[in-house]
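Since every read-out is calculated from the coordinates, none of them should be taken as a lab result. A quick note: this is a predicted structure, and the numbers were derived from the prediction, not measured. Counting neighbours? That spans all protein chains shown, and the Cβs are built from the backbone with ideal geometry, glycine included.
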Amino acid sequence: MGRESWDPMTANDDVELAELRRRRLQEIQQMQQGATQNAYSAQQAEMERRDSERAEILRRVLTPEARERLGRIRLAKPEVAGSVEQQVIALAASGRLQRPIDDATLRALLERISPERREIKITRR
């Protein structure tokens, strides 16, 4: 008599419990997915807002020629363009700009920012 009898209710309860657990796990995963997507959407919106704000500031403080030059630099050297943009925005935010930055002023700023070019000499033997 050491055997336990098999109770159909217990097996049925186990199946129901497993089904409930599976559903709950699925609900939790869907909630996490939704939260992740919402966070990503919020992050994207914040980045777009910052980019448009940055573009608006640059549009106000740079002349069309300077904006065009900065655009060409952005294509060739994005890190240099980003650095110049940050400096121009900082100057505008601090109120140190009395007039819009023209092409000549932007070139002077670029010369200060750009690393010095190393001269490479090739000698033939």
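Table for the structure above
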| item | result |
| --- | --- |
| Label-zone membership for the stretch 40-69, site Val80, 7 angstrom Cα→C-beta point, backbone N under 13 Å | 69 |
| Extreme residue, positive dipole direction of the chain, given options Ala45, Ala108, Ala92 (C-beta unit charges) | Ala108 |
| Viscosity 0.890 mPa s, temperature 25 °C, Stokes-Einstein D of the stretch 52-125 from Kirkwood C-alpha radius, µm²/s | 183 µm²/s |
| Helix-only mean residue ellipticity at 222 nm for the chain, each DSSP H run of n ≥ 4 adding -39500 (n - 2.57), per residue, nearest 500 | -27000 deg cm²/dmol |
| Residues Thr123, Thr36 arranged by fewest to most Cβ contacts within 10 Å | Thr123, Thr36 |
| Within the chain, longest stretch free of exposed GluC sites (Glu not before Pro) [DSSP loop, at most 10 other beta carbons within 10 Å] | 5-115 |
| Theoretical FRET efficiency, 1/(1+(r/R0)^6), r = Cβ-Cβ of Asp103 and Arg50, R0 30 Å, to 0.05 | 0.70 |
| Order of Leu91, Leu75, Leu106 - criterion: other Cβ atoms within 10 Å of each residue's Cβ, fewest first | Leu75, Leu91, Leu106 |
| ³J(HN,Hα) computed for each position of the stretch 31-36 - Karplus, 6.51 cos²θ - 1.76 cosθ + 1.60, integer Hz, glycine/proline x | 5, 5, 4, x, 5, 5 |
| Size of the chain as Cα extents on the principal axes (Å, biggest first) | 99, 55, 22 |
